[in-house]
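Visitor: One structure coming up, written as structure tokens, with questions to follow.
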Amino acid sequence: MRAAAPDDAHLARLGQQLRVDAVRAADAAGSGHPTSAMSAADIAAVLLARHLRYDFDRPDHPGNDRLILSKGHASPLLYAMYKAAGAVDDAELLTFRTRDSRLEGHPTPRLPWVDVATGSLGQGLPIGVGMALAGKALDQIPYRVWVLSGDGEMAEGSVWEAVEHAGQERLDNLVLLIDVNRLGQRGPTRLGGDLGAYARRLEAFGWHTLRVDGHDTAAVDAALAAADATAGRPTAVIAGTDKGHGVAEVQDREGRHGRPLPDAEAAVAELGGRSELRVDVAPPPEVRIRRRPPAQGHRPPVFDRGGQTATRDAYGRALAALGTVRGDVVALDADVGDSTRTEFFGREHPGRAFQFHIAEQQLVAAAVGMASRGWNPFAATFAAFLTRAHDVIRMAAVSHAPIRLVGSHAGVSIGEDGPSQMGLEDLAMMRAVPGSTVLYPCDAPQTARLVAAMADAPGVAYLRTTRSATPVLYGPEDAFPIGGSRVLRSSDRDRACIVAAGVTVHEALGAARLLDREGIAVRVVDAYSVKPVDARTLQQAADATGCLLTAEDHRPQGGLGDAVAEAFSDGRPAPRLVRLGVRGVPASATGAEQLHAVGIDAESIAAAVRLLVAEAMVSP
């Protein structure tokens with residue numbers, strides 16, 4: 001039988017213990033943010049002892065509540081909670097921020113009880129929205145998502161994307177706990193300690209709000225109970241607190257952010273000394289997991305060789321087909337599903353399709369939250385607009401979150417819409433993400449195969465699609481493993497190799513035909529896997545020809561050209577390498593005019609090859 005819930009006096013002592021342990025951890029590390037932990041300690045004590053339902057021995061229990069410490073710099077508080085729950089011991093607590101410790105400066109999933117990495121402020125609530133949606137709409141399990149946020153991060157636009165979406169979706173399984181301690185890093189926060197200002201803003205988006213003294217454990221307990229009982233809308237508990245609460249030297253004082261207390265021993269004594277209270281955390285309810293249909297023999301859509309199909313169309317059809325045989329796949333849209341073709345999935349699998357409107361940070365953060373709950377999210381928008389969510393993508397990699405991102409309308413080939421709509425930096429952005437996979441198919445069958453392959457890729461996977469129709473080069477029997485490439489033309493007379501991806505593959509083939517009429521044989525490589533790139537095939541091409549030319553509908557920096565160059569960074573002799581890409585700022589024109597203007601159409605590629613070959617002939 002579970003022990004009785006602790007009384008208010010016990011909760012107050014537990015709050016002091018959490019403060020003491022936060023102070024001790026930061027003092028042992030010689031760094032950290034103990035004052036930010038101290039302000040929220042009473043809130044954390046009440047949550048841990050009275051309201052959280054969690055089995056620390058089974059962090060994968062489907063009924064567990066989810067706790068996101070959005071103010072990740074207050075990590076000593078989270079680790080003190082884990083100690084109070086018996087998940088870590090005191091010796092480990094004091095390894096905080098040291099090499100090889102699981103207790104990092106900001107929480108990461110190296111700890112089994114941490115679902116997602118936090119510390120880049122403003123991401124906890126958007127991710128929590130994804131988790132809450134998964135609980136209500138997908139898992140249909142009554143776990144609650146608790147997000148502990150700082151007041152300073154409430155200035156982030158990503159927070160308000162999440163606030164609006166949670167209100168619209170009536171996510172009553174989501175509770176936002178705002179630690180309003182009034183002080184940020186360099187001084188007061190935007191709204192200071194005005195709890196009413198936070199409440200009015202949240203209420204405008206349909207939230208239930210409760211204002212409390214964050215150091216009154218009885219009041220906090222009543223507010224969390226009211227949140228638990230609220231139906232039909234999310235709840236925000238807005239708690240007024242003091243930064244550094246309980247230690248006069250630092251309490252509510254500016255200039256104490258992000259540093260240990262001046263005299264930790266005296267602070268511990270002022271807080272009442274060390275204690276070793278243990279919390280019997282309430283267990284989660286026994287729940288039944290909704291059975292997801294097992295993966296069966298996947299049949300991607302078939303496209304007629306020699307016809308023309310846009311890769312964005314192929315993506316939509318392939319995702320819908322994948323969703324038929326994989327019940328874990330979900331599709332996320334940001335009001336452009338008719339352009340990205342995500343709408344194809346929604347028509348066939350409406351219960352697993354989610355609309356986030358024009359809010360790309362929320363789009364990607366929801367994918368991270370759903371992935372943390374075991375779902376396989378595909379989130380698509382224009383490639384150019386994914387740049388808005390780059391910080392969320394970066395943190396997804398820290399979380400090792402398996403999310404699949406799709407950027408359509410890439411490059412100048414989209415035509416008349418002009419530069420604001422052209423994704424020209426996306427390959428560089430995605431290649432820089434640690435552990436990422438970056439794919440750029442040139443035709444419909446290749447796209448369909450890569451959609452299925454990226455569903456099982458670890459970490460962040462990115463697929464780039466094209467707006468305009470392109471010729472179908474491949475058949476349904478062709479395979480496209482991640483990390484591979486396809487040699488489309490080759491001979492023992494090749495004098496250069498053109499390496500292309502996506503739309504420029506077709507331009508490269510056109511250039512090869514032009515050059516062939518002049519007696520210049522060239523090899524053409526379709527480098528559909530931009531990361532990892534097929535270094536072996538590129539090295540073989542370099543050995544055979546000595547000259548490589550890359551052509552990409554992307555900036556010259558960070559994309560295909562740099563990926564090819566890196567294949568020769570191991571000290572081997574490097575070939576002559578010319579990189580063609582989009583320089584300057586394009587203007588409105590047709591797709592064909594755009595490709596010619598920036599020098600990546602067939603004619604321009606052929607001209608560059610002629611010059612490259614001529615220079616190679618006269619070079620000593």
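The numbers here are math on the coordinates, done by the rules we state, and not lab data. None of the values given here were measured: they were computed from a predicted structure. Counting neighbours? That spans all protein chains shown, and the Cβs are built from the backbone with ideal geometry, glycine included.
Visitor: Starting from the Cα gyration tensor of region 59-173, take the square roots of the eigenvalues, sort them a ≥ b ≥ c, and report rounded, prolate or oblate (rounded when a/c is under 1.5, otherwise prolate if a/b is larger than b/c, else oblate).
Guide: Cα axes put region 59-173 in the oblate bin.
Visitor: Can you tell me how the chain classifies by the Cα gyration tensor, rounded, prolate or oblate, using a/c under 1.5 as the rounded cut?
Guide: Cα axes put the chain in the prolate bin.
Visitor: Let me ask something else about it. Which value, in nm² and rounded to one decimal, describes the direction-averaged projected area of the C-alpha convex hull of region 8-270?
Guide: Convex hull of Cα atoms, orientation-averaged projection: 12.3 nm².
Visitor: Percent of Cα-Cα pairs more than 22 Å apart in region 221-354, please.
Guide: That fraction is 69 percent.
Visitor: So how much slack lies between Ala197 and Gln251, counting 0.36 nm per residue of separation and subtracting their Cα-Cα distance, in nm?
Guide: Using 0.36 nm per residue and subtracting the Cα-Cα distance, I get 17.1 nm.
Visitor: Projected area of region 308-471, taken from the Cα convex hull and averaged over every viewing direction, in nm²?
Guide: That works out to 8.2 nm².
Visitor: What is the Å³ per residue value for the convex hull set by the Cα atoms of region 90-242?
Guide: 131
Visitor: Using only the alpha-carbon atoms, how far is helix 217-229 inclined from the longest principal axis of the chain? Give it as 0 to 90 degrees, nearest 10.
Guide: 50
Visitor: By how many degrees, between 0 and 90 and to the nearest 10, does the Cα long axis of helix 360-372 differ from the longest principal axis of the chain?
Guide: 70
Visitor: Over the Cα atoms of region 1-94, how large are the radius of gyration and the largest Cα-Cα distance (Dmax), in Å?
Guide: So, for region 1-94, Rg and Dmax equal 13.2, 42 Å respectively.
Visitor: Okay, moving on. Run through the DSSP bridge list for the chain and note the antiparallel percent, rounded to the nearest 5.
Guide: 15
Visitor: Report the Cα centroid-to-centroid distance between region 130-172 and region 238-301 in angstrom, as an integer.
Guide: The distance from the Cα centre of region 130-172 to that of region 238-301 comes to 18 Å.
Visitor: Once Rh is set to the Kirkwood radius over Cα pairs, what Stokes-Einstein translational diffusion coefficient, in µm²/s, holds for region 385-522 at a temperature of 37 °C and a viscosity of 0.692 mPa s?
Guide: Estimated diffusion coefficient is 199 µm²/s.
Visitor: Let me know the number of lysine pairs in the chain closer than 26 Å at the Cα, not counting same-chain pairs under 8 apart.
Guide: So the count works out to 4.
Visitor: Another question, if that's okay. What ³J(HN,Hα) values, in whole Hz, does the Karplus curve 6.51 cos²θ - 1.76 cosθ + 1.60 give for region 467-474 when θ = phi - 60°, with x put for Gly and Pro?
Guide: 6, 7, 5, 10, x, 7, 9, 10
Visitor: Let me ask you something else. Mind checking the angle between helix 195-204 and the chain's longest principal axis? C-alpha axes, 0 to 90 degrees, to the nearest 10.
Guide: Approximately 50 degrees, to the nearest ten.
Visitor: Let me ask something additional. Work out the FRET efficiency for Val302 and Arg99 from their Cβ-Cβ distance, taking R0 = 51 Å, and round it to the nearest 0.05.
Guide: My answer for the efficiency is 0.45.
Visitor: Need one word for region 529-620: rounded, prolate or oblate. Basis is the Cα gyration tensor (sqrt eigenvalues a ≥ b ≥ c); a/c below 1.5 gives rounded, then a/b vs b/c decides.
Guide: Judged from the Cα gyration tensor, region 529-620 comes out oblate (a/c at least 1.5, b/c at or above a/b).
Visitor: Show that you can apply the helix-only estimate: for the chain, add -39,500 (n - 2.57) for every DSSP H stretch of four or more residues, divide by all residues, and state [θ] at 222 nm to the nearest 500.
Guide: Helix contribution divided over all residues of the chain: -10500 deg cm²/dmol.
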